[in-house]
């Protein structure tokens, strides 16, 4: 039976920081949620844009041309090829829209890199969560 999901609650329930999880797909893009804390690191997605929607908290996205500060409910799209560094000084929950081909850490591979298979692991949301 179809049911609604609550991205904000799913993001809050995640155990790991900087480890996005897929909660749905829209055509050739994934809808993901993540729990963030600290500094992610500079990277770029050469061929894909990346949309950030802040579900709770605050997120700063550093860009070579300056920085963008996002509060709850704010959206920012990082254009393809743009080097950026997301920073959450306190815990922040986000929803991301990315093409299915987007590599989590873009042109950088490090300890935060998560495969698409890892991001697709099932997430269970209990009724009423």
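What to note about this one:
- Along each principal axis, Cα extent of the chain, largest first, Å: 46, 28, 26
- Value at 222 nm in deg cm²/dmol, rounded to 500, when DSSP H runs of n ≥ 4 in the chain each add -39,500 (n - 2.57): -2000 deg cm²/dmol
- Segment 7-119: relative contact order in percent, alpha carbon pairs under 8 Å with at least 6 residues between: 33
- Fluctuation leader among 94, 22, 33 - the chain, Gaussian network, Cα springs under 10 angstrom: 22
- Net length available on complete extension from residue 64 to residue 4 is 17.8 nm, with 0.36 nm assigned per residue and the Cα-Cα distance removed.
Taken together, the values in this text are just the output of simple stated rules run on the coordinates, not laboratory data. Computed from a predicted structure; not experimentally measured.
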